[in-house]
Amino acid sequence: MRKYLMGLVLFAVLSATVYSQDAAWKEYVHSDNLMAFSMPADPTYGTQSVKTKIGKITIESYILENKSGALMVMVNSYPDRILKSSPQKLLAAGRDGAVGNIHGTVVSEKPISIEGNPGTEFVFKSAQWHGLYRIYLVGTRLYQLGALSPAGGADFPDVDKFMDSFRLVKK
């Protein structure tokens, strides 16, 4: 499971966390990353540096994994020169990278936004996984939210609650 999950989260670090589905949800506010989200248990934090065409990018990840799959939030900041690129091309590249890493396909996709910033939401599937992903481009920050479940199984519990909990915060 970790091999495919790591590809989906762009080399993020994983660690299993078990929780009860009846657990109280908690909001996690990360003012340095200008974001907040809720999960039913403490996510595992990790960082990974990735070499890209525009230089080294550090991806920060917050991942909650159990037998139902995983909930994840990733964030990275690009250099200012990324602002010259088309937001739609950047979102499409994020989508293609996430789905391509698990040899999956996009089942459906729609444009979304957060506080006027562009995003994309897509449902995906592969031989191993299915799930929902949202990507937002806010200035030079790329936020990625994912809910991943084993193929043929039920969706991760409370996917909508998790996805809808994501918000931007001010420092």
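The values are calculated or read from the model by the stated rules, or taken from the named source; none is laboratory data. Please read these numbers as outputs of a predicted model, since none were measured by experiment. Using ideal geometry, Cβ is built from the backbone for each residue, glycine included, and neighbour counts are taken over all protein chains shown.
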Residue list for the stretch 97-108, restricted to those being at pLDDT 90 or above and either surrounded by 15 or more Cβ atoms within 10 Å (Cβ to Cβ) or of a type in the set (D, E, K, R) (or both):
VAL99, GLY104, VAL106
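Condition check ((1) surrounded by 15 or more Cβ atoms within 10 Å (Cβ to Cβ); (2) touching a Pro at 6+ places or on another chain (Cβ under 8 Å); (3) outside any strand (DSSP E or B)) across all residues:
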residue	(1), (2), (3)
MET74	yes, no, no
LYS89	no, no, yes
ARG95	yes, no, yes
LYS110	no, no, no
GLN144	yes, no, no
GLY153	no, no, yes
Can you find a residue in the stretch 8-22 that is over 13 Å from the mean Cα position of the chain (by Cα), of a type outside the set (Asp, Glu) and at pLDDT 90 or above?
no
Quick check: anything in the stretch 39-47 under 20 Å from LEU168 (Cβ atoms) and surrounded by fewer than 17 Cβ atoms within 10 Å (Cβ to Cβ)?
yes
Would you check which residues across the stretch 119-142 are aliphatic (A, V, I, L, M), over 24 Å from VAL29 (Cα atoms) and assigned to a strand (DSSP E or B) and list them?
VAL123
